[in-house]
Amino acid sequence: MSQLKWIDFQSLGDDRGSLVAVEIGMEKAVPFDIKRVYYIFHTAEGVSRGFHAHKVLKQVAICVAGKCRMVLDDGEERVETWLDSPTKGLLIEDMVWREMHDFSEDCVLLVLASEHYDESDYIRDYEEFIRRVTA
């Protein structure tokens with residue numbers, strides 16, 4: 001994971017405002033069929049989220065309002081970045097530990113997922129995650 005994988009979404013707009021369309025199967029679009037969409041909002045000050053990896057699921061995280069700090073760890077490298085643009089999506093592959101910190105009061109984090117919710121796909125213990133990725 002030597003570099004973060006960003007997807008740039010085109011912003012369309014005029015004097016009425018802006019619009020971003022998320023498409024599948026187009027160049028520079030979401031690289032998987034979207035099976036689940038959710039968003040995180042009203043995260044209390046000082047609260048961090050995530051602290052897990054997925055065995056199979058892939059995601060694209062888009063901060064449609066406000067900002068938050070994302071930490072990604074593939075077992076060899078730990079990187080962090082700010083999600084702060086409704087036109088940039090961060091691709092999070094399977095078997096990548098993710099943490100979300102420093103949510104702004106107005107943060108709305110939209111997540112597009114490749115699979116339906118499945119608790120058995122989660123790895124919630126960091127030491128177990130490290131054992132799996134270094135095995």
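Being of a type outside the set (A, V, I, L, M), under 26 Å from R131 (Cβ atoms) and modelled with pLDDT of 95 or more, is that true of even one residue in the stretch 83-92?
Here is the first cut: in the stretch 83-92, the residues of a type outside the set (A, V, I, L, M) are 84-89.
Retained after the next criterion (residues that are under 26 Å from R131 (Cβ atoms)): none.
No, the stretch 83-92 contains no residue that is of a type outside the set (A, V, I, L, M), under 26 Å from R131 (Cβ atoms) and modelled with pLDDT of 95 or more.
Find the residue count for the stretch 18-30, including only residues that are surrounded by 14 or more Cβ atoms within 10 Å (Cβ to Cβ) and in a strand (DSSP E or B). Break it down into steps so the answer makes sense when it comes.
Residues of the stretch 18-30 surrounded by 14 or more Cβ atoms within 10 Å (Cβ to Cβ): 20, 22, 29-30.
Now narrow it down to the ones that are in a strand (DSSP E or B): 20, 30.
Result for the stretch 18-30: 2.
When you check R69 against the structure, is it assigned to a strand (DSSP E or B) and surrounded by fewer than 17 Cβ atoms within 10 Å (Cβ to Cβ), yes or no?
On the way: assigned to a strand (DSSP E or B): yes; surrounded by fewer than 17 Cβ atoms within 10 Å (Cβ to Cβ): yes.
Judged against the criteria, R69 is a match.
For the stretch 40-57, which positions are closer than 11 Å to V111 by Cβ and open to solvent by less than 70 Å² (accessible area, probe 1.4 Å)? Talk me through it step by step, then tell me what you get.
First, the residues of the stretch 40-57 that are closer than 11 Å to V111 by Cβ: 40, 49-50, 57.
Those that are closer than 11 Å to V111 by Cβ and open to solvent by less than 70 Å² (accessible area, probe 1.4 Å): I40, G50, L57.
Within the stretch 89-107, can you find the residues that are surrounded by fewer than 17 Cβ atoms within 10 Å (Cβ to Cβ) and either out of contact with any strand residue (DSSP E or B) (no Cβ under 9 Å at 6 or more places or on another chain) or at negative phi (or both)?
Scanning the stretch 89-107 gives E93, D94, H101, S104, E105, D106.
Residues to consider are D33, D8, D15; find the one that is without any contact (Cβ under 8 Å) to a residue 60 or more places away in the chain, at negative phi and open to solvent by 60 Å² or more (accessible area, probe 1.4 Å). Working first, answer last.
Working: D33 fails: without any contact (Cβ under 8 Å) to a residue 60 or more places away in the chain; D8 fails: without any contact (Cβ under 8 Å) to a residue 60 or more places away in the chain.
Only one candidate passes the filter, namely D15.
The values are calculated or read from the model by the stated rules, or taken from the named source; none is laboratory data. Since this is a predicted model, take the numbers as computed values, not measurements. We place every Cβ from the backbone using ideal geometry, glycine too, and count neighbours over all the protein chains shown. Protein only, heavy atoms only, side chains kept; ligands, DNA and RNA dropped before computing areas. Shrake-Rupley method; radii C 1.70, N 1.55, O 1.52, S 1.80 Å.
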